[in-house]
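Only one structure is covered here, and it is reproduced in the block below.
Derivation of every value follows stated rules applied to the coordinates shown; laboratory data play no part. Just so it is clear, the structure is predicted and the values come from calculations on it, not from any experiment. FYI the Cβ positions are ideal-geometry reconstructions off the backbone, even for glycines, and counts take in every protein chain you see.
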């Protein structure tokens, strides 16, 4: 029995123990399924449906069973509040004493003085997160060199005399991360900024120094105040079916002032669509019931307040064609279900087709956009007469929505 907390890496590419030898414990299929299904309620493992909560518990249990002081779990810094919640709940089924931190918390230990002004770069399968005075999510494209150059430009733009060192995380469990990290390190050094490259061995050494006080509470990173997030609309993420969220982090004034307090937001990516949504609104996929399969992002304060996001590939379609297609669907529906149809509206400054869906307990105002070959539909749901509850989140989602693949 080890007399310390087990330090566990949960994502981006693996679930494994960092503090001790784990060769006999890592189940690649189990951890891969758990990571891929973290936004779902049920996953398939060996052709059998398994509750995702129990899947995560099973993935963590062998990693912490012989550590009497509990678990210290680090997760990708860009994970959403709902993902951190799944992870934390699963960890608490394994140990009573659980501490949860974003990966950047551990990475910052690589700075000689734990410098708060260091910039952290985390590489994942589909994005590179740069976290300094602000947080930027950059897409991982097929070509690695342009990504490295863009990361270097972002770091240089953030620096403004405040960034003394870049802490560069290149996990081996993420395909191509180590080679991309080498390119990023070279590009950043060319701008005159120091770089500390952190590989698996370095991360394990940092884990050995990361034993917090026993009375330190679990503190999901999503509870932190959020910074402004700069979404790069020219980014192109690889297509896929996993909901991905990049949580904004605290913004520190370039002159050392108080962190900027703004509404927390999350950069949510599903398939070929990305948009900004409230950070503390849990997201889930809806594949049953009326309407198309969609991602639903629901207010934690009122279950009738929600955003719905659907997408369809429509190569060659125009907005006029979209309006005609929707008009036919609306005409075929029972009277009074779809109203206020506008084939040539402007929503949050963007050309769109809009209409309102009326249900017994709520209404949904739909905005339908075209971005390249992707049709994006955003539904803003509220109870009758409660449009103000969704207005800000709705406008933000419509304004930011774009195709990413």
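Of note:
- Modelled label positions at residue 395 and residue 156, each set 7 Å beyond Cα in the direction of Cβ, lie 3.6 nm from each other.
- Model label points for residue 209 and residue 20, set 7 angstrom from Cα along the Cα-to-Cβ axis, are 2.3 nm apart.
- Cα gyration tensor shape for segment 106-208, rounded if a/c is under 1.5, else prolate or oblate: oblate
- Counting neighbouring Cβ atoms within 10 Å and putting the fewest first, the residues 126, 103 line up as 126, 103.
- Extension gain from residue 345 to residue 194, taking 0.36 nm per residue of separation minus the Cα-Cα distance: 49.4 nm
- Expressed to the nearest 5 percent, the antiparallel share of DSSP beta bridges inside segment 6-102 is 45 percent.
- Using the average count of surrounding beta-carbon atoms within 10 Å as a protection proxy, the listed peptides 50-56, 354-360, 70-76 rank, highest first, as 70-76, 50-56, 354-360.
- Peptides 329-338, 80-89 ordered by packing proxy, namely the average of other Cβ atoms within 10 Å per residue, highest first: 80-89, 329-338.
- Highest average first, the peptides 9-19, 339-349 ordered by how many other beta carbon atoms sit within 10 Å of their residues are 9-19, 339-349.
- Applying 0.36 nm per residue to the separation of residue 320 and residue 61 and subtracting their alpha-carbon distance, the gain on full extension is 87.8 nm.
- Fully extending the segment from residue 337 to residue 386, taken as 0.36 nm per residue of separation minus the present Cα-Cα distance, adds 15.8 nm.
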